[in-house]
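Data first, discussion second: the structure below is written as structure tokens.
Read-outs: derived from the displayed coordinates by stated rules, not from any lab. Since this is a predicted model, take the numbers as computed values, not measurements. Here the Cβ positions follow ideal geometry from the backbone for every residue, glycine too, while neighbour counts run over all protein chains shown.
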């Protein structure tokens, strides 16, 4: 039984962690924090938790107590803040799973260029927390930089093609669509219900911060420097990401070779479901679960492969992946607490 | 470990049963049936089940085999069909939990008047399957007529008031609202996506078949014959029922007496959460879970009590309640397999 | 051609006024105001207006100029503010149509009791702006207190029954449901997209300020003091109100008498469509239009009539009704600018 | 005043034509047809039309009468059926605006290859009905093959780039998203409300029939043979299309050159609104209107231009464009009946 705490528990990812951990047989939530709601019960902030989690939120000013009491700390803070926590816990045995961006980049210059803040923990012993790709490194990591939501969907979609050198990496276009929970719980006019209902739009074209994270992984897998287009869109729904990925196939690559690459990489992965050649994942099919569903299509006319990838942004794209990483880092069965059937319809 | 089968597994309630039973430590699904999809894998009908349930659907022509192999049979068939299954399994030790209406009525004349079909199993040894109210009778029942979705929300809302004689039962008005999954999975133009999106309407005014079911329970609790208004509405969402119940308070009844009645009846119930006097349940707070959230309001100006009740129509209103009844009937902890945190947001 | 201005043009009702007035052949928008956005173009605040209305918003500090330049002023301000404008324009020939509550009440004590602000313009020459009921008084009114959204739907539903003394007014229960645009454009966490999507809830039980407005009209029509229950709910959609109204029929009242009352009162009204006995209005059928659709049901078992009423809260419930009142007050054809087909689906 | 008829009036595009034509000062609807509902009133099929259009639907067996009585016939039939109507009216003076695919292709071999039916009217005197691009040819056309919904959004987005040779046409990727009304009014399980709500998915990857239509227009504009990727997706909303178009800029092309191309081509177009460089169209901003909003972005890192295009699929993507073509063909002001403010929110 591991003791875990959540720093920044009142965001959607924090609440989702509580949901998942409640059914985890080897985790006990010891502390949860919120700066704006310290002293209040979490079930006052999230009434759906009433009777399940009624404990009080504390401030992260008590980070030392938290660090001492916990085997693992999950961090659900905005970027720039997690690394302060990481520094503070540097010399304690507690391990860290950060759901934000601070520990995702090997090259902190890239982080600084896209996130516009100085990185204060450049030498942190960290690993990129995308379980299917970096499982071995995750096992013993002090700090796990949990992969982002769009990036998880997009990297899992493209990884077999990049690793097996089946595509021209400079032709990659990732067109991704997310439910609104990806934007967090803070009220903004742009995400006010009537503004989004029955509407669809793009945002962050050519500037979204998940771009370099996808590039880093594709470069790592392919061995080639990678610059690509990533375009996020807002879908009028709560949960789910669908990522539609395009790339030119290399000369001579066949549909069978593409399919073989997916089977080789994911054939034994429980959380990656291969819908197959010609398959159509839908976000509803993974809602509330840790699955990533993949389907791929070859367009002979244009020589492009189109890969479709669906996840629940709050599960495989955030809290579920964090628990999957926690399981790996703890030596547990990777499915512990995550063996949930998608909530359909 | 109990062996269970599902007759009519391809409706939404059947699929929800599979979702819940997957995490039930003491249940094993042995057979699932569908007449229209016999021979197909359930995951071809419901792709969200891929990798979790890939077993084949059989026909219920093999009901004897199913009966022999199972400790419990869950029935998810349209009304009029479950009683045929009940008859067929009459002399076998298997126990039955019917999610439809066939076994809900003490007086089969009422059933016949509202459902317009002759009842062919009038002497069935049955109990009304609303766990919080009929727990003792459920323990040893051969056949459990699982309470309906609207009725569960409405009866739980009104029960303490009826039982403690706090309201005039002839003034009861139940105005209920349901997500579209309550209408089943069959495509109809009325439930075609663009027809319902950004729209709201009533249906079945003064004629809906859940009316006599609510009346039966209120009469049973209050000891008074009960005739009431029940009006269902369709909300453009997938899951959830909110029931708004109105009744005149009897002379001299105070807010404290009302609150006391709720606390007396439900104070120890895990699945009924008392949001309290002045409280506002929301369907999102119970989504994907077996909870029923209750809030009550007293209008001094009109002398009425207004009770708000929220459930997930597919869980507490169908599959979750069925599993709760299964737990009671099996002598298990009532929370087994049902201790799920609502899926928020 | 009348010159009109809009005080408080950046709320949803203000924007809807602009939409409607654009196609009005006898109205010219001369000034629009906003305190928070003064100096900005309205199309920067509402990009859907780009190329149609690109004019600048002014502050209402210049109310005198506005008053002088305008034949009519529409006010779209929060309650408590419109009466300041009314006072300021008291001695100018300009006429006023207030979309808020300040001028809706005959008895300002009622206003003060429910709105908790002192009324500063008690002697204002005003009329309640529900066109179908108060048409004659509207013609020459200096100030028209445009009826509220829930109230329009509810009063139109109950008016024939009250006027013809067919119901016991002390048994009235109004259970109303609104799309989220009714809550205005300001971002609040409660109306944040993921909080409401796939959710349904009530609010303001026994305390909503539209209650006394409905009571005032029913009392006026029936000649009997009226106290009733009004319960609003939030539907996860943008536009539309459905009001479900319950009342006990008086002894001896038949379905035919009820139907006759509706036909007598609304038979010649263009904007009230009688869906008839047993009919089911849906908000989608009136979306974007000034129609109010009515259907009524008699429950012989309980002796109650159930009336269903659907409007678009921003049109017949706000801006459309305001323009209808403007047409009446200007001696125009009531349909001018309002002869719009509902936007379906 | 032109007399117009609608063949196939009971689809969503037919109903939308009725909505628009109701406010058209120079059009009179004389006949409307439906094979499955002949003899019924259109307002029984579409209750939102009650009191506006209550006329009876006739069968198109009477096509000759229809042809004689009409100046224009709009056709809203599935592909393969419109050309039969076109043949039947070949020798009558009536002019035809087909909202389907039968008359969209210059090369009927392309039509036959993608639509899998023989073309029976290959020599039809026809023009592609995308008003902004083919205005001159539309003026005198006998038959106008109204552009498709996805194609209108996508072609308008790419046209300035193709015409001015600013992009490599073999790098074009069009990732498009549509509301569900685009799938028509027929009930199918795939479009059943609960199946789509809170879900997002792609369909028709590499096979959708709008692909060759976009290719035809880009080839025509650029003078280069064009093969591209087009991927449609289903958004859980009623109306609206957003098309996200990617292409590599030619060597040396700057942001200013791109912007100039849009301004040159659309600067005087009322229905194309230039949101500009860095702009974000949203489908809600054009809902219910004939506008196409365009925004474009340059990604210096990848050398790609990303163009965003938003339309209402039933207006600019179907009925609105048909009326725009009708106006052009009649010598009317192009805005007649179409000068509608988008319905927001």
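For this structure, a couple of remarks:
- For residue C:333, label point 7 Å along C-beta direction: distances to other copies, nm: 1.8, 7.3, 7.5
- Taking one quarter of the surface of the C-alpha convex hull of the protein assembly as shown gives a mean projected area of 49.6 nm².
- Partner chain coverage, peptide D:39-52 - average Cβ within 10 angstrom: 4
- Cβ crowding within 10 Å averaged over residues, with D:309-320, C:9-20 ranked highest first: D:309-320, C:9-20
- Each part gets one Cα centre, and for the stretch D:64-96 versus the stretch B:152-212 those centres are 48 Å apart.
- The residue of chain D whose Cβ sits closest to the rotation axis that maps D onto A, together with that distance in whole Å, is D:175, 2.
- Evaluated on the stretch D:150-313, the Kirkwood hydrodynamic radius is 16.1 Å, with distances taken between all distinct Cα atoms.
- Per residue, chain D reaches -8000 deg cm²/dmol at 222 nm when only DSSP H runs of four or more residues are counted, each adding -39500 (n - 2.57).
- Evaluated over chain B, the Cα radius of gyration and Dmax, each in Å: 19.5, 63
- Residue A:64/residue A:139 FRET efficiency (R0 30 Å; Cβ-Cβ; nearest 0.05): 0.65
- By DSSP, the beta bridges lying fully in the stretch B:150-313 are antiparallel in about 70 percent of cases.
- Cα long-axis angle, helix D:149-163 against chain D (0 to 90 degrees, to the nearest 10): 40 degrees
- Sorting the Cα pairs of the stretch D:216-308 by distance into bins of 10 Å, from 0 upward, gives 14, 41, 37, 7, 0 percent per bin.
- Between the beta carbons of residue A:23 and residue B:207, assuming R0 = 30 Å, the FRET efficiency works out to 0.10 to the nearest 0.05.
- For the stretch A:175-246, the share of alpha carbon pairs falling in successive 10 Å distance bins from zero is 19, 45, 25, 10, 1 percent.
- Inter-chain Cβ neighbour average for residues D:173-180, partner chain, 10 Å: 6
- Extension gain, residue D:55 to residue D:333, is 97.3 nm, computed as 0.36 nm per intervening residue step minus the present C-alpha separation.
- Rg over Rh [alpha-carbon atoms, Kirkwood Rh] for the stretch C:47-128: 1.03
- Each peptide among B:229-235, D:251-257 gets the average number of other Cβ atoms lying within 10 Å of its residues, and from highest to lowest they stand as B:229-235, D:251-257.
- Averaged over C:279-288, number of beta-carbon atoms from partner chains that fall within 10 Å: 6
- Cβ-Cβ distance of residue A:227 and residue D:41, R₀ of 56 Å, FRET efficiency by 1/(1 + (r/R0)^6): the value works out to about 0.40.
- Within the protein assembly as shown, percent of DSSP bridges classed antiparallel, to nearest 5: 45 percent
- Here is how far apart the residue C:55 label points are across copies: 3.8, 6.0, 7.1 nm, shortest first, using a point 7 Å from Cα toward Cβ.
- Against chain B, whose longest principal axis comes from its Cα atoms, helix B:210-222 is set at around 60 degrees.
- Highest mean packing comes first when the peptides A:68-75, C:174-181 are listed by Cβ atoms within 10 Å, giving C:174-181, A:68-75.
- Label spacing, shortest first and in nm, from residue C:90 to its equivalents in the remaining copies (7 angstrom along Cα→Cβ): 7.1, 8.0, 8.6
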